[in-house]
Structures are given as C-alpha cells and as structure tokens.
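Undergrad: Please read through the structure below; I'll follow up with questions.
The values are calculated or read from the model by the stated rules, or taken from the named source; none is laboratory data. The structure presented is a predicted model; accordingly, all values stated were derived computationally and were not measured. Reconstructed Cβ throughout: ideal geometry from the backbone, glycine too, with neighbour counts over all protein chains shown. Ligands, DNA and RNA are stripped out before the accessible areas are found, and what is left, the full protein with its side chains, is counted by its heavy atoms. Shrake-Rupley method; radii C 1.70, N 1.55, O 1.52, S 1.80 Å.
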Amino acid sequence: MADIPLSTKIAQTLAEEIIRSDFQPGDRLAQDHIAKRFECSHVPVREALGQLVTMELAEAVPRRGVRVVKLSSDDLRDIRDMRLALEPFAVSLAASRVTPAQLSEIDDLRLSCDRAQDAVSWERANRDFHLAILRPCGRKRLLKTAENLQNLSAWHFHVKWSQGWRRKSDPDHLAITLAMKKGDGATASAVLKRHLSRG
C-alpha cells in the first residue's frame, strides 16, 4: 500500500480535531502554526486545508483565511435530509453485496459502540459503523458524500450533545447488522431511515 501523503495525514488529523470540537466554529486555521506543528513547509498545509474545505469542515473566507465551518440550523436540516435520502438507499444496495469479512467488521464496530466508555470513543465507533454498513454498496461518489455528511453530523454531536452522552446499546445497530447478514436490504434500509430520523 502506498504511503499516505503528508497533506492527507495533516487533513485527517485536523478533521478529527475539528469534529471533536478541539477547534471552535469560526476559528482560523493558520498555515504558519500548522506548518510549525507538523514540521513541514506550507505546501502540504495548503493542500490539507483545501481538503478540509472540500470536506466542508472548513471554509475559505476572503481576507480572513481558512476557518472552521459554522453550521446554521438550515445547514443541519440539509445534512439530516441528505443523509436520510442517501444512506437508506446505499445500505439497501450494500446488504446484497456485503462479504463475510465486511459483516465481521460491521459487527465488531457495533460492539465497539455498545462497549464505549466515553462520548469520544462512542462517536468514533458510531461513525465508523455507519460508514461500514454503506461501504459494500461500492458507489464511490455516494460513499464520499455520505462520509462528509457523517463527519458534519459527528461535529454537531460533539458541539451539542456529547456532554449529555450516556452509555447504552443500540437496538437499531443490531437490527441493521442482522438484516445485512440475511441480505435483507429492505429491512436494513427501513431501520436505518428510522434510526437517522431520531437525530
């Protein structure tokens, strides 16, 4: 496997920090500071910031640099509606194509969610689970869009809900996993739609 480019490593690190609310909405992502932190030139930093903008976790503001995204109530409604449109469709496809290895990964992630001891661990496992159940659909553009939307949903969780998080098992995760094991895309899709509607 080829090494991950430095710009992508920087983008992935900053993305997780933004999602966890280590940065606040509107915070400036200063190239000088980031380059010093990662001991690199400005070139991979600029590329990383561009990736964050593409992921919609940051925005380029004229004369103010690249800043952490601010999401309005309309933005959050759109994110929810787009996930409701895309993800049930994707999981219906995925259920008919999922491999035993992928099912094993999905079940492991489900259990990781149930066993998580803190909000950060749960959210990371939850995000991984929700992407894993879609991945077998094989639709690259759809998956990339879904991943970006899930990242934004995760960011909102950390901003608004992480302090009130309580450990519990998720029966919807189990129902989706069991439906996928049976190749039952209709049930997996229906459960996921209900699950996402709760958010």
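Undergrad: Given the options L14, A132, I79, identify the residue whose Cα lies farthest towards the positive end of the charge dipole of the chain (+1 on Cβ of Lys, Arg; -1 on Cβ of Asp, Glu).
TA: The one lying farthest along the dipole's positive direction is I79.
Undergrad: Give me the distance in nm between label points sitting 7 Å out from Cα along the Cα-to-Cβ direction at D170 and R64, one decimal.
TA: Here the answer is 3.4 nm between the modelled labels.
Undergrad: Separate question: With a 1.4 Å probe and all protein chains kept in place, how much accessible area does C137 have, in Å² rounded to the nearest 10?
TA: 0
Undergrad: May I ask you to list the residues of segment 86-112 whose amide nitrogen lies under 19 Å from a point 7 Å from Cα along the Cα→beta-carbon direction of S121?
TA: Once the point is set 7 Å along Cα→Cβ of S121, 106-112 turn out to lie under 19 Å by backbone N, inside segment 86-112.
Undergrad: Which percent of the accessible heavy-atom area of segment 71-199 goes to carbon and sulfur, probe 1.4 angstrom?
TA: For segment 71-199, the apolar C and S fraction of the accessible surface comes to 53 percent.
Undergrad: Against the longest alpha carbon principal axis of the chain, how many degrees, from 0 to 90 and to the nearest 10, is the axis of helix 100-115 turned?
TA: Around 70 degrees separate the two axes.
Undergrad: Quick one: if you take sqrt(5λ) for each eigenvalue of the C-alpha gyration tensor of segment 1-75, what semi-axes come out, biggest first, whole angstrom?
TA: Gyration-tensor ellipsoid for segment 1-75: 21, 14, 11 Å.
Undergrad: Same structure, new question: About its Cα centre, what dipole magnitude does the chain give when the only charges are +1 on Lys and Arg Cβ and -1 on Asp and Glu Cβ, stated in debye to the nearest 20?
TA: 320
Undergrad: What are the aspartates and glutamates whose alpha-carbon lies under 15 Å from the alpha-carbon of K168, with same-chain residues fewer than 8 places away excluded?
TA: Hits, sequence-local ones excluded: D114, D118, E123.
Undergrad: I'd like the accessible area for F89: 1.4 Å probe, protein heavy atoms, all chains in place, Å² to the nearest 10.
TA: Accessible area of F89: about 90 Å².
Undergrad: Now for a different question. Using label points projected 7 Å from each Cα along Cα→Cβ, tell me how many nm separate V159 and E17, to one decimal.
TA: Reported label-point gap for V159 and E17 is 1.9 nm.
Undergrad: Once you order the gyration tensor axes a ≥ b ≥ c over the Cα atoms, which shape class does segment 67-199 get: rounded for a/c under 1.5, otherwise prolate or oblate by comparing a/b with b/c?
TA: The shape class here is oblate.
Undergrad: Moving on to the next point. Going from most exposed to least, what order do E39, E123 have by accessible area with a 1.4 Å probe?
TA: E39, E123
Undergrad: Ok, one more. Quick one: among A175, A101, A15, which has the greatest mean-square fluctuation in a GNM of the chain with alpha-carbon springs under 10 angstrom?
TA: A101
Undergrad: Would you work out the charge dipole size for segment 114-199 about its Cα centre, treating the Cβ of every Lys and Arg as +1 and the Cβ of every Asp and Glu as -1, and quote it to the nearest 20 debye?
TA: Charge dipole of segment 114-199: 200 debye, to the nearest 20.
Undergrad: Relative contact order of the chain, please, whole-number percent, based on alpha carbon pairs below 8 angstrom and at least 6 residues apart.
TA: It comes to 26 percent, rounded to a whole number.
Undergrad: Something else: With every protein chain present, what accessible area does S169 have (1.4 Å probe, heavy atoms only), rounded to the nearest 10 Å²?
TA: Per-residue accessible area (S169): approximately 80 Å².
Undergrad: Charges at C-beta only: +1 for Lys and Arg, -1 for Asp and Glu. How large is the resulting dipole of segment 30-111 about its Cα centre, in Debye rounded to 20?
TA: 340
Undergrad: A further question on this structure: Based solely on its DSSP helices, what 222 nm [θ] is calculated for the chain when runs of n ≥ 4 H residues each add -39,500 (n - 2.57) and the sum is averaged over all residues, nearest 500 deg cm²/dmol?
TA: Helix contribution divided over all residues of the chain: -21500 deg cm²/dmol.
Undergrad: Given H placed on each backbone N at 1.01 Å, which residues far from G65 in sequence or on other chains put an amide H within less than 5 Å of it?
TA: none
Undergrad: Further question: Using only alpha carbon pairs under 8 Å that are at least six residues apart, calculate the relative contact order of segment 22-73 and give it in whole percent.
TA: After rounding, I find 45 percent.
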